[in-house]
Amino acid sequence: MRDRVAHLEAELARDSTNSSTPPSGDGVGPRKKRAERRAEARNSKRLQGKQPGAPGANLARRIPDVVVGHAPVCCRGCGADLAGAPVIGEVRRQVIDLPSVCPTVTDHVAYRRRCGCGTETLAEFPPEATAPVCWGPEVRAFALYLLCRQHLPLERTAELLADLLGAPVSTGWLCQIQQQAAGKLAPFLVGLKARLAAEPVVHADETGTRVGVKKHWVHTVTTNLLTLIAIHPKRGVKAMTDIGVIGTYTGTVVHDGYASYEVFDKVTHATCGVHLIRHLVDVGQTTAFAMWTAQMIKILLEAKTVSETAAAAGRPAVDPDVAATLRGRYHATLDVAFALLPAGSPPPRRHRGGWNIRQRKAFNLATRMRVDADQVLRLLEDTRVPLDNNVAERALRMVKLHDKISGTFRSLEGAEAFAAVRSYLQTANNHNENLLGVLRQLFTTGAWHPPQAATGT
């Protein structure tokens, strides 16, 4: 019973600092502590806002479209009329504003002509004229931007567009726009997967979402410049194979240690060290294990530092002597961890005596770090591999934000369309492209594609 109570207490103490629980799932206590730590860090370093002696920053002047002059009417000294007085100087202030939104209505007239042979030929309409009356590419791009970049719900997007355009916009049309965009992005996604498959290092992760009443999984394969997001009913090997990239990939995949990745034996694996640090913090809350967990965290952070230093110097790997020293300390620390545990392995079932829950956690973590030591320390032999998997986690963060703001998806088709558009927008954003511009291009000349020379982890 004491072991059961300890287990339940440990579960209640889980938060984003000692587990994979996202910060949004933290309770009031952890949030308060995190705010206090941030406040202490700010107070110890610098005050908020502009620092003393730092140059100020404001809006830069632009070439004006309109110049409006303002002349004084009378002298503020004697009150005389200044209508004919000479101008001896000026002071300028620039106001940047938006014009009132007024839609432009264009009639496209296709003429039919009769040839001398008697055949009648009708001119073709431009691509944006898809119906007798329809919204143009600017409205379509703006609607898609609000839905898939700003994550507005369908009803609020329809309301905003109706207020701007002065005409009702249906939620059904908005859904149709997402499906149409996804169809146009099919070649882009094929090229994106091919580009990712050729990258030396990619990051992978997955997170859950709801489609209707069933749980689905959002997967990502990404680098610093290329981002693929896909939705699948499954989380494991079948999903990764169906989505592509990982199933035939032969480079290095950085992931969180999820067991399904291990099935792909042609892949070189790298484990996210930040996930391990969270687990080490959790295990280190037990006094008996505090020393070795703190030492292991220090080793992982040192590995990160030496790897980044070597990468900055242009070296593909850490100096062999430095790497060997870190590996030796890593395994010596694990030897200490096992020495603090009972002999043998824990019994298959919990709460049966012999091992308490804290010892089981320590054993599982130390065993995992010993078995996957090469994956954990991959950054020593390949400086392109970072300690963390933040690139993949950032790619999925907007999906969770979409769930919070707009709610979960009602159909798999809608979820897949959203994932396709997010892949397009996030890849364009990685290249510092104007997102409204690439959406406008999608509905006019075709999808934007990343430059061929672009690579990055």
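In table form, for the structure just shown:
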quantity: Any chance VAL101 is without any contact (Cβ under 8 Å) to a residue 12 or more places away in the chain and among the aliphatic types (A, V, I, L, M); calculated: no
quantity: Residues of the range 243-276 satisfying the condition of being buried (at least 21 other Cβ atoms within 10 Å of the Cβ), hydrophobic (A, V, I, L, M, F, W, C) and out of contact with any strand residue (DSSP E or B) (no Cβ under 9 Å at 6 or more places or on another chain); calculated: LEU276
quantity: Unmet requirement for ASP374, which otherwise passes all of (1) outside any helix (DSSP H, G or I); (2) in contact with a His (Cβ under 9 Å, 6 or more places away or on another chain); (3) of a type in the set (D, E, K, R); (4) over 25 Å from ARG14 (Cα atoms); calculated: (1)
quantity: Test result for PRO348, within 26 Å of ASP256 (Cβ to Cβ), loosely packed, with under 12 Cβ neighbours inside 10 Å and either modelled with pLDDT under 95 or of a type outside the set (Ser, Thr, Tyr) (or both); calculated: yes
quantity: Elements of type strands (runs of 3 or more DSSP E) contained in the range 110-226, each with 1 or more residues being in contact with a Phe, Trp or Tyr (Cβ under 9 Å, 6 or more places away or on another chain) and touching a residue at least 12 places away in the same chain (Cβ under 8 Å); calculated: 120-122, 201-211, 214-222
quantity: Residue count for the range 379-409, restricted to those that are at pLDDT 90 or above, of a type outside the set (A, V, I, L, M, F, W, C) and part of a loop (DSSP other than H, G, I, E, B); calculated: 6
quantity: Positions within the range 420-434 being over 12 Å from the mean Cα position of the chain (by Cα) and crowded, with 19+ Cβ neighbours inside 10 Å, in sequence order; calculated: ALA420, VAL421, TYR424, ALA428
quantity: Residues satisfying the stated conditions in the range 424-445, i.e. aliphatic (A, V, I, L, M) and touching a residue at least 40 places away in the same chain (Cβ under 8 Å); calculated: LEU425, LEU435, LEU436, LEU439, LEU442
quantity: Residue in the range 99-158 that is nearest to ILE405 (Cα to Cα), counting only those that are among the basic types (Lys, Arg) and buried (at least 16 other Cβ atoms within 10 Å of the Cβ); calculated: ARG149
quantity: Residue in the range 386-398 that is within 27 Å of VAL221 (Cα to Cα) and over 17 Å from the mean Cα position of the chain (by Cα) present; calculated: yes
quantity: Positions within the range 426-449 being part of a helix (DSSP H, G or I), more than 10 Å from LEU185 (Cβ to Cβ) and touching a helix residue (DSSP H, G or I) at 6+ places or on another chain (Cβ under 8 Å), in sequence order; calculated: GLN426, THR427, ALA428, ASN429, LEU435, LEU436, VAL438, LEU439, ARG440
quantity: Hits in the range 110-125 - residues which are of a type in the set (S, T, N, Q) and touching a strand residue (DSSP E or B) at 6+ places or on another chain (Cβ under 8 Å); calculated: THR121
quantity: Close pairs (9 angstrom Cβ cut-off, 6 or more residues apart or separate chains): within 15 Å of GLY29 (Cβ to Cβ) in the range 1-17, surrounded by fewer than 16 Cβ atoms within 10 Å (Cβ to Cβ) and of a type in the set (Lys, Arg) anywhere; calculated: ASP15/ARG31; ASP15/LYS33; ASP15/ARG34; SER16/ARG34; THR17/LYS33; THR17/ARG34
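Here is a yes/no grid of residues against (1) touching a Ser or Thr at 6+ places or on another chain (Cβ under 9 Å); (2) closer than 20 Å to VAL371 by Cβ:
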{"site": "PRO187", "(1), (2)": "no, no"}
{"site": "LYS193", "(1), (2)": "no, no"}
{"site": "GLU199", "(1), (2)": "yes, no"}
{"site": "VAL211", "(1), (2)": "yes, no"}
{"site": "ILE229", "(1), (2)": "yes, no"}
{"site": "GLY244", "(1), (2)": "no, no"}
{"site": "THR250", "(1), (2)": "yes, no"}
{"site": "VAL267", "(1), (2)": "yes, yes"}
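Yes/no matrix, rows are residues, columns are (1) surrounded by 10 or more Cβ atoms within 10 Å (Cβ to Cβ); (2) basic (Lys, Arg); (3) at pLDDT 80 or above:
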{"site": "ASN18", "(1), (2), (3)": "yes, no, no"}
{"site": "PRO30", "(1), (2), (3)": "yes, no, no"}
{"site": "ALA39", "(1), (2), (3)": "yes, no, no"}
{"site": "LEU47", "(1), (2), (3)": "no, no, no"}
{"site": "HIS70", "(1), (2), (3)": "no, no, yes"}
{"site": "GLY79", "(1), (2), (3)": "no, no, yes"}
{"site": "ILE88", "(1), (2), (3)": "no, no, yes"}
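The values are calculated or read from the model by the stated rules, or taken from the named source; none is laboratory data. No experiment lies behind these values; they were computed from the predicted model shown. Cβ atoms come from the backbone with ideal geometry, glycine included; neighbour counts cover every protein chain shown.
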